[in-house]
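Structure record follows, encoded as structure tokens.
The values are calculated or read from the model by the stated rules, or taken from the named source; none is laboratory data. Source: prediction; values computed, not measured. Cβ sites come from the backbone with ideal geometry, for glycine too, and all protein chains shown count toward neighbours. Quick note on the areas: whole protein, heavy atoms, side chains included, nothing else; ligands and nucleic acids left out. Shrake-Rupley method; radii C 1.70, N 1.55, O 1.52, S 1.80 Å.
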Amino acid sequence: MNARWIWVSPEIYPEIGKDKEKYCVASFKKTFEFDVVLKYIELRVSADTHYRLFVNDEFINIGPAAPGGDFLTKGDLDWYYIDTHRIKANGRVINVYAEVQFPDQVLTEFSYGRAGFYLEGKAVFEDGRNEEFISDGTWLARPEKAYYSPSSYDESIESGRWHPAYETGDNRVLSDSPAEPLVFETIYPIEQRSFVLSAGKTQKVDFDMIYAAYIGLTASGACELEIMLKETREVGNRVEKVKFTSAGRFRSFRMHSVGEMHIKVISCEKDSVIEPVLYFSHYPIKAVGSLKTSDEGINSVYELCRHTLNICRQSIHLDSPMHQELLACTGDYYIETLMTVFTYGDMSLSRADVIRTANWLVQNKGRMFHTTYSLIWVQMLKLVYRMTGDKELLAYCRPALNALLDLFYSYYGKNGIIDTPPDYMFVDWMVVDGYSMHHPPKYLGQTVLNAFYYKAIGDAGEIALIMDWEEGAFWRRRAEAFKDAFNEAFYDESKGLYFDGLSDFEPDMGKYSPENPNRRAYTRYPNILAPLYGLSDEKNGERLIRLMADDDYPMQPIQPYFMNYLMEAVMKFGLYKELGMDLMRKWVESVNKCPKGLQEGWYKPEEGYSFDHSHAWGGCPAYFIPQMITGLKMEEPGYKKISFSPDLCGLEFADVSFPTPYGMIEISIGKEGITKLNVPDEIEVVR
């Protein structure tokens, strides 16, 4: 199709969409009439930056899918996405309407600095024929001036006049989105759906959970409102302002993390009534896992982890809908992929994020903003392969693996370890010795970075064996030599502990790589990762993990994020029967305190910091609880062959169900063993 990028006329509205610093919204519409009855239409849509699409006055979706990128992104990415929407239709007429917001307003959005809207359409008729249609200069366009700021809508501001759309001449390359279009649910307040307004009043509106949502308002008369959006009473304070001149309806452009609204009435007509809702956005759910055990605390932890994962699954995984960060927080997305195994099962979003990260690694020669997180991408790739058996994904990611590992090889020192990286981000959301472990100096971050590197080259070597790549032999030789160098550099025989990094002089290279002081630190982080990744021998590794799992051991604690790696180590050393459920119960207190969403951390990293309650990176119990109970093992990738080694770990009973590509697996376990097991016919169970 020869669709055109279109925008409002620069001659009529020269100020709209020209300056990336100035916020604007433009709308586009066209009516298509056909001679025969429609069966469905297929639309391929993109925009710079953010579109809302309506067909025959019905909301269809938002987009485009987030392209990914990184905090280091400067200038254009090498790819940009187009979304596909298939819509049922009848009759002979299609009215297409779209609103486009420019420029980018949240971190997941990416603007090329050239505003525009793009659409390719195909109408499929009941008689089997089809007809194509496109965006071009025959569409009508205008600015929607009522949206006068990213968080303000004033109906009294008149929109511009409709005029023929301007064909921008843009010729950017569009790639098919690897993620599916989002799903929207309407969420109503839990107590009452409508409120009578009076000037000066503030109305609190509660919702049953925290949602990733766009707010909606319907007013029966003129009013001016200020809406404060919060996750909880203590967390939030995002504000949107809305003014109606008569009865009207509003739908926000900005996705928020919302557990409650506080609607302040600036002015209103007598007896005006308002109805607030949330339009809950999330990735499509094909099936939902469940967990029911004899321990209600454990059940609640699993359920809240599952819900928090759901609100973080957008067109890209999010660290949280509060932050909406770029595709840079790979540690978060790896954990969210683990959580998906026993909750939603569908790996398509994780696969999409692996692809987006691979694209960025190739474009940026292996470099990502979070140096440590970039290495965790290899674990995420291997995990998605294990769950899907998708060798095409491994082949696609080969150039990215080479770029990443070649870059880290350039950081080697004469001591045979990673010694000259640009920084040591990210370890944990904690403060140690007065330094943030988000971006610690060398003496606090080097050992962790090296441990993740060792895991990355080991996993890359395994992937290369699967794919018969010649570079795999080089990666495996490198891993063999690295283990001895790691222990020589970082293990303190006198203490029987790994320390966190070398204290040799390293200059201050900026806020993400502070000057290295002459100190030595011993924290839980390297003493969890070294045993987990096989850098210590088995006997010493088990000893260390027992110490690190002991809250009374005199070391600074870890946050929910890093608990994932501790639990992986507990599983590796077979300590889950003894330690697993007690570690999982560490979540119970925070879940009871806020049952609407998962708290970001347990220990405040700095004075005055407020944790959000929508952070899935601390949701590893959604994976480890059912994993401990069922003992699921992937004997062949993609659920071709599996086995179970169930253990109640001190519980009285457990019922677990989880999705697979072939349907649900249901397993019930009592003290006598498995009492029920339903597995799809396509999956072989090894007894």
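What to note about this one:
- Subset tally (residues that are aliphatic (A, V, I, L, M) and over 20 Å from the mean Cα position of the chain (by Cα)) for the stretch 207-234: 8
So that you can scan it fast, the table gives a plain yes or no per residue for (1) under 30 Å from VAL431 (Cβ atoms); (2) in contact with an Asp or Glu (Cβ under 6 Å, 6 or more places away or on another chain):
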site	(1), (2)
LEU598	yes, no
ALA616	yes, yes
PRO659	no, no
ILE669	no, no
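- Contact map, the stretch 384-397: first residue without any contact (Cβ under 8 Å) to a residue 12 or more places away in the chain and under 19 Å from VAL362 (Cα atoms), second residue assigned to a helix (DSSP H, G or I) and charged (D, E, K, R), Cβ cut-off under 9 Å, separation 6 or more or different chains; the map is empty.
- In the stretch 184-201, residue farthest from LEU43 (Cα to Cα) [restricted to those that are of a type in the set (Val, Ile, Thr) and surrounded by 13 or more Cβ atoms within 10 Å (Cβ to Cβ)]: VAL196
- The one condition in (1) more than 18 Å from ASP582 (Cα to Cα); (2) of a type in the set (Phe, Trp, Tyr); (3) open to solvent by 50 Å² or more (accessible area, probe 1.4 Å) that TYR533 fails to fulfil: (3)
- Within the stretch 482-502, residues that are in contact (Cβ under 8 Å) with a residue 12 or more places away in the chain and closer than 20 Å to TYR411 by Cβ sit with their Cβ atoms under 8 Å from residues that are open to solvent by 10 Å² or more (accessible area, probe 1.4 Å) and assigned to a helix (DSSP H, G or I), at 6+ positions apart or across chains, in these pairs: PHE482/TYR454; LYS483/TYR454; PHE486/TYR454; LEU502/ALA489.
- Enumeration of residues in the stretch 305-335 that are outside any loop (DSSP other than H, G, I, E, B), open to solvent by 10 Å² or more (accessible area, probe 1.4 Å) and among the polar types (S, T, N, Q): ASN310
- Restricting GLY345, GLY366 to those that are within 18 Å of GLY638 (Cβ to Cβ) and either without any contact (Cβ under 8 Å) to a residue 40 or more places away in the chain or not basic (Lys, Arg) (or both) reduces the list to GLY345.
- The sole residue among THR372, THR357 that is outside any loop (DSSP other than H, G, I, E, B), modelled with pLDDT of 95 or more, surrounded by fewer than 24 Cβ atoms within 10 Å (Cβ to Cβ) and in contact with a helix residue (DSSP H, G or I) (Cβ under 9 Å, 6 or more places away or on another chain) is THR372.
- In the stretch 81-108, the residue that is farthest from HIS317 (Cα to Cα) out of those that are open to solvent by less than 30 Å² (accessible area, probe 1.4 Å) and of a type in the set (Asp, Glu) is GLU99.
- Residues being of a type in the set (A, V, I, L, M, F, W, C) and farther than 22 Å from MET1 by Cβ - total across the stretch 44-61: 1
- If the condition is being of a type in the set (Gly, Ala, Ser) and open to solvent by 20 Å² or more (accessible area, probe 1.4 Å), then the stretch 490-520 contributes SER494, SER503, GLY510.
- Residues satisfying the stated conditions in the stretch 15-30, i.e. open to solvent by 70 Å² or more (accessible area, probe 1.4 Å) and over 11 Å from PRO143 (Cα atoms): LYS18, LYS20, GLU21, LYS22, LYS29
- Spans of strands (runs of 3 or more DSSP E) in the stretch 568-687 with at least 1 residues in contact with a Ser or Thr (Cβ under 6 Å, 6 or more places away or on another chain) and open to solvent by less than 20 Å² (accessible area, probe 1.4 Å): 654-660, 663-670
- Residues of the stretch 101-120 that are outside any loop (DSSP other than H, G, I, E, B) and touching a Cys at 6+ places or on another chain (Cβ under 9 Å): GLN101, PHE102.
- Answer residue from the stretch 102-146, given it is at pLDDT 95 or above and among the hydroxyl-bearing types (Ser, Thr, Tyr) and is farthest from the chain's Cα centre (by Cα) among those: THR138
- Pair list, Cβ < 9 Å and 6+ apart or interchain, from the stretch 266-286 residues that are under 18 Å from GLU180 (Cβ atoms) and β-branched (Val, Ile, Thr) to residues that are part of a strand (DSSP E or B) and modelled with pLDDT of 95 or more: ILE285/VAL183; ILE285/ARG313
- Any chance SER350 is among the small types (Gly, Ala, Ser), under 10 Å from the mean Cα position of the chain (by Cα) and either closer than 24 Å to LEU393 by Cα or surrounded by fewer than 21 Cβ atoms within 10 Å (Cβ to Cβ) (or both): yes
- Residue in the stretch 158-167 that is least open to solvent (accessible area, probe 1.4 Å), counting only those that are assigned to a loop (DSSP other than H, G, I, E, B) and modelled with pLDDT of 95 or more: ALA165
- Residue among THR420, THR447 that is touching a Phe, Trp or Tyr at 6+ places or on another chain (Cβ under 9 Å), polar (S, T, N, Q), under 30 Å from PRO605 (Cβ atoms) and open to solvent by 10 Å² or more (accessible area, probe 1.4 Å): THR420
- Residue pairs meeting the criteria (Cβ under 7 Å; at least 6 apart or on separate chains; first free of Cβ contacts under 8 Å to residues at least 60 places away in the same chain and more than 21 Å from ASN527 (Cα to Cα), in the stretch 573-597; second among the aliphatic types (A, V, I, L, M) and open to solvent by 40 Å² or more (accessible area, probe 1.4 Å)): none
- Pairs with Cβ under 6 Å, 6+ apart, first in the stretch 180-208 and under 13 Å from ILE227 (Cβ atoms) and modelled with pLDDT under 95, second assigned to a loop (DSSP other than H, G, I, E, B) and of a type in the set (Ser, Thr, Tyr): LEU197/SER272
- Filter pass, ILE457 being open to solvent by 20 Å² or more (accessible area, probe 1.4 Å), modelled with pLDDT of 95 or more and under 30 Å from the mean Cα position of the chain (by Cα): no
- The stretch 212-229, residues that are open to solvent by 10 Å² or more (accessible area, probe 1.4 Å) and out of contact with any Lys or Arg (no Cβ under 8 Å at 6 or more places or on another chain): SER220, ALA222
Rundown of residues vs (1) closer than 17 Å to ASP170 by Cα; (2) touching a residue at least 40 places away in the same chain (Cβ under 8 Å); (3) in a loop (DSSP other than H, G, I, E, B), yes/no style:
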| site | (1), (2), (3) |
| --- | --- |
| PHE32 | no, yes, no |
| LYS39 | no, yes, no |
| ASN61 | no, yes, no |
| LYS74 | no, no, yes |
| TRP79 | yes, yes, yes |
| ASN90 | no, yes, yes |
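- Scanning the stretch 519-547 for residues that are free of Cβ contacts under 8 Å to residues at least 40 places away in the same chain and not charged (D, E, K, R) yields TYR522, ASN527, GLY541, ILE545, LEU547.
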